[in-house]
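Report on the structure given below.
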Ligand SMILES: [Zn+2]
């Protein structure tokens, strides 16, 4: 008798695919809002790998990649279970923005974990996902990117990079990773990888893309990279058979986000692009006001390479417009 695998009302038999919704709330217009869940359960028992996308509603590339992977993989071939949540934050996805614009207090889902069952919609999304899906996992991967605001060139984040988290980072197989500081000093509280770490489930947040849906070439590269990482994780956990595609070494990096103080129109310096080497103090972009006067110059905080660029010349006060990184440690995979 095979054991029962159930998420919400969704019961999944061995070797089959099942899909359905975890209910969250009834909306003012009478429709119901929920979390879409797709489960590929292998014919053989094994680890449960949970993958989500669109925690932030304007980060579409993860959704596209996850849907493609869920279409390509035959559940009968798996030893274990892949649980995919292609659109975790429906209200923000519908609105094409990072958070739910109707929220009064909890705009950002990835600052709201572990959530609250009877709370606002974002708190309920967090609590339902965390308690009914995440807690069943041996590993959790959350797909992110730069959204509508900037283009990010690929890095992995874990809460504490040691032991199993470092193994998962290595398994994912992207070149760059960073860890979030201690909870006590971390300005980003309530992230999924932080809360997973507190309950002992290895979890990574992977950041790639943003603004890239405007370019077919970028979009296909981003999708390929997400799918490569996901397949690598499934292979590492023995859920999928195959050979991982990974680099021989990965880099622990430090990175600094660069923000503008004022709103304005950004112009990039000639030669500034993703991976461009920059010297300390080098100007990356200039911010103009609508009269053509220079308001700010955005410069490199240290010698390094460019890892993010704005998706648009329009800059809002306080917004991140770029980031520069330095390799601090090279680790063999
Ligand atoms: Zn995000």
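The table that follows gives values for the structure above.
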{"item": "Scope the stretch 199-240; condition in a loop (DSSP other than H, G, I, E, B) and over 23 Å from residue 309 (Cβ atoms); matching residues", "result": "199, 200, 201, 202, 237, 238, 239, 240"}
{"item": "Yes/no for residue 156 being within 14 Å of the chain's Cα centre (by Cα) and at pLDDT below 95", "result": "yes"}
{"item": "Count of residues meeting criterion [within 10 Å of the chain's Cα centre (by Cα) and more than 12 Å from the ligand (Cβ to nearest atom)] in the stretch 138-153", "result": "1"}
{"item": "Odd one out for residue 270 among (1) within 18 Å of residue 151 (Cα to Cα); (2) touching a strand residue (DSSP E or B) at 6+ places or on another chain (Cβ under 9 Å); (3) part of a loop (DSSP other than H, G, I, E, B)", "result": "(2)"}
{"item": "Test: residue in the stretch 82-89 that is in a strand (DSSP E or B), touching a strand residue (DSSP E or B) at 6+ places or on another chain (Cβ under 8 Å) and farther than 22 Å from residue 205 by Cα", "result": "no"}
{"item": "Scope the stretch 64-90; condition without any contact (Cβ under 8 Å) to a residue 40 or more places away in the chain and within 16 Å of the ligand (Cβ to nearest atom); matching residues", "result": "89"}
{"item": "Residue count for the stretch 1-15, restricted to those that are surrounded by fewer than 15 Cβ atoms within 10 Å (Cβ to Cβ), at pLDDT 95 or above and more than 20 Å from residue 130 (Cα to Cα)", "result": "1"}
{"item": "Residue that is farthest from residue 48 (Cα to Cα) [pool: residues in the stretch 128-137 that are in a helix (DSSP H, G or I) and more than 16 Å from the ligand (Cβ to nearest atom)]", "result": "128"}
{"item": "Number of the exception - residue 93 against (1) within 16 Å of the ligand (Cβ to nearest atom); (2) part of a loop (DSSP other than H, G, I, E, B); (3) modelled with pLDDT of 95 or more", "result": "(2)"}
{"item": "Test: residue in the stretch 30-52 that is within 16 Å of the ligand (Cβ to nearest atom) and either part of a strand (DSSP E or B) or in the same structural domain as residue 224 (by TED's automatic domain parsing) (or both)", "result": "yes"}
{"item": "The listed residue being surrounded by fewer than 16 Cβ atoms within 10 Å (Cβ to Cβ) and over 25 Å from residue 175 (Cβ atoms), out of 261, 257", "result": "261"}
{"item": "Candidate set from the stretch 109-127 (those that are in contact (Cβ under 8 Å) with a residue 60 or more places away in the chain and surrounded by fewer than 21 Cβ atoms within 10 Å (Cβ to Cβ)); member that is nearest to the ligand (Cβ to nearest atom)", "result": "111"}
{"item": "Within the stretch 192-226, tally of residues that are within 13 Å of the ligand (Cβ to nearest atom) and free of Cβ contacts under 8 Å to residues at least 60 places away in the same chain", "result": "1"}
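The values are calculated or read from the model by the stated rules, or taken from the named source; none is laboratory data. Only a predicted model underlies this, so the values are computations on that prediction, with no experimental measurement involved. Note that we place each Cβ from the backbone using ideal geometry, even for glycine, and neighbour counts take in every protein chain shown.
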